[in-house]
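K.L.:
First, the structure itself, so that you have it in front of you.
Nothing in this text is a laboratory measurement; each read-out follows from the coordinates by a stated rule. Note that the structure is a prediction, hence the values are computed from the model and not measured. So basically every Cβ, Gly included, is an ideal-geometry build from the backbone, and we count neighbours across all protein chains shown.
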Amino acid sequence: EAGVAQSPRYKIIEKRQSVAFWCNPISGHATLYWYQQILGQGPKLLIQFQNNGVVDDSQLPKDRFSAERLKGVDSTLKIQPAKLEDSAVYLCASSQGGRAYNEQFFGPGTRLTVL
Amino acid sequence: TQLLEQSPQFLSIQEGENLTVYCNSSSVFSSLQWYRQEPGEGPVLLVTVVTGGEVKKLKRLTFQFGDARKDSSLHITAAQPGDTGLYLCAGFPLPGFDQFYFGTGTSLTVIP
C-alpha cells in the first residue's frame, strides 16, 4: 500500500513570496490533515478535511493560508504572502475516518525556509 | 498554552539505560496515542491507550494511561540507539473539543 505522498520535500523562498504544497493521501482515506511543525516541537493542526469538506480550521491563519481538497482526494496548502515565522515543516496526514481511535498516517513533510 | 505538556523536553542517555517520558494535561482525553518521529520523516503511531489505568506493552516499551485519563507515560527498558527520535503524545479531548492535539514532544538520544 502506497503511503502519503507530499511535494516538494524542500522549498526556500523569500518573505512576501507565495508557496504551495501538495499532498496525495492513502487511497480510500476520507480524512486529511495539514500540520505545521516548528523544529523540535509537536505538530500543530492547521486544517482537517473530511472528504472535501472542512471539519476544523480554527488554527489556520486565514489571512495568509488557504487549503483545498478537490474531489475529496488530493489537497494543496498555500501561503500568500509568506512571513519569516512560517519557516517550518508542513506535514500532511490521512486516516480512514472515525475519531477517537483513528490512526493517522503521515507523509515525509515539506521543509519550508523563508528568508 | 499547550494542552498536552511532555517532560522532559530533551533526554540523552547511554545504551542499556531505562527512561520514562511523561505526558500531562488538565483536560480529560477519550484516548491518547503515542507517536515516534525520526528526522526527516513524519510521526509513526506506536500505540493507542483507551481505558483509564490501561497498560500496554510493545516489546521494550510500556505505555500507561492515567486513571483520570489526563496523563500518560512511556517507559523504555534497556534503550537502544534505534530508539532515538522525537516522542509525541496526542489525542482528542473529551466532547466539547473537535481538534486533535499533539504534545510538546520529547527528543530522545540514545548514545551507543
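K.L.:
When DSSP beta bridges are limited to those with both residues in the protein assembly as shown, what percentage is antiparallel, rounded to the nearest 5?
P.N.:
For the protein assembly as shown, the DSSP antiparallel bridge percentage is about 90.
K.L.:
In debye to the nearest 20, how big a dipole does chain B give about its Cα centre with +1 on each Lys and Arg Cβ and -1 on each Asp and Glu Cβ?
P.N.:
I would put it at about 240 debye.
K.L.:
Still on this structure, please answer the following. For the pairs A:Lys44/B:Lys56; A:Lys11/A:Lys83; A:Lys11/A:Lys71; A:Lys15/A:Lys71; A:Lys44/B:Lys59, note any where the Cα-Cα span goes beyond 21 Å.
P.N.:
A:Lys44/B:Lys56; A:Lys11/A:Lys71; A:Lys15/A:Lys71; A:Lys44/B:Lys59
K.L.:
Here is a further query. Can you list which of the GluC sites (Glu not before Pro) found in segment A:1-83 are DSSP loop residues with at most 16 other C-beta atoms within 10 Å?
P.N.:
Passing both the DSSP loop test and the Cβ count: A:Glu1, A:Glu14.
K.L.:
Also: Mind checking which of A:Ser18, A:Gly40, A:Gln59 is farthest towards the positive end of chain A's charge dipole, using Cβ charges of +1 (Lys, Arg) and -1 (Asp, Glu) about the Cα centre?
P.N.:
Value computed over the given set: A:Ser18.
K.L.:
Starting from the Cα-Cα distance between B:Arg60 and B:Glu38, subtract it from 0.36 nm times their residue separation and give me the gain in nm to one decimal.
P.N.:
6.1 nm
K.L.:
Relative to the Cα centre, what is the charge dipole magnitude of the protein assembly as shown, using +1 at the beta carbon of each Lys and Arg, -1 at the beta carbon of each Asp and Glu, and rounding to the nearest 20 debye? If you can, show how the numbers build up before the last one.
P.N.:
Numbers: 20 positive and 20 negative charges, 77 e Å.
With only Lys, Arg, Asp and Glu charged at Cβ, the dipole is about 380 debye.
K.L.:
Starting from segment A:18-81, pick out the chymotrypsin sites (Phe, Trp or Tyr not before Pro) whose DSSP state is loop and whose Cβ has at most 13 other Cβ atoms within 10 Å.
P.N.:
none
K.L.:
Cα extents of segment B:52-112 along the three principal axes, largest first, in whole Å?
P.N.:
Result, largest extent first: 45, 22, 13 Å.
K.L.:
Using all alpha carbons of chain A, what is the percent of pairwise distances in each 10 Å bin, ordered from the shortest bin to the longest?
P.N.:
Percent of Cα pairs in each bin: 15, 50, 29, 5.
K.L.:
Looking only at other chains, what is the average number of their beta-carbon atoms within 10 angstrom of each beta-carbon in B:43-56?
P.N.:
Counting Cβ atoms of other protein chains within 10 Å of each residue's Cβ and averaging gives 2.
K.L.:
Cα extents of the protein assembly as shown along the three principal axes, largest first, in whole Å?
P.N.:
Projected onto its principal axes, the Cα set of the protein assembly as shown covers 47, 39, 38 Å.
K.L.:
To the nearest 20 Debye, how big is the dipole of segment A:3-115 about its Cα centre, given +1 on the beta carbon of each Lys and Arg and -1 on that of each Asp and Glu?
P.N.:
Details: 13 positive and 9 negative charges, 47 e Å.
My answer is approximately 220 debye.
K.L.:
Moving on to the next point. What residues qualify as long-range amide H neighbours of B:Thr84, i.e. H under 5 Å apart, gap of 5 or more or another chain, H built at 1.01 Å from N?
P.N.:
Hits under the 5 Å cutoff: B:Val110.
K.L.:
For segment A:3-72, which trypsin sites (Lys or Arg not before Pro) are both in a DSSP coil and crowded by at most 14 other Cβ atoms within 10 Å? Write down the numbers at each step before the final one.
P.N.:
Numbers: sites: A:Arg9, A:Lys11, A:Lys15, A:Arg16, A:Lys44, A:Lys62, A:Arg64, A:Arg69, A:Lys71; in loops: A:Arg9, A:Lys15, A:Arg16, A:Lys62, A:Arg64, A:Arg69.
Those satisfying the criteria are A:Arg9, A:Lys15, A:Arg16, A:Lys62, A:Arg64.
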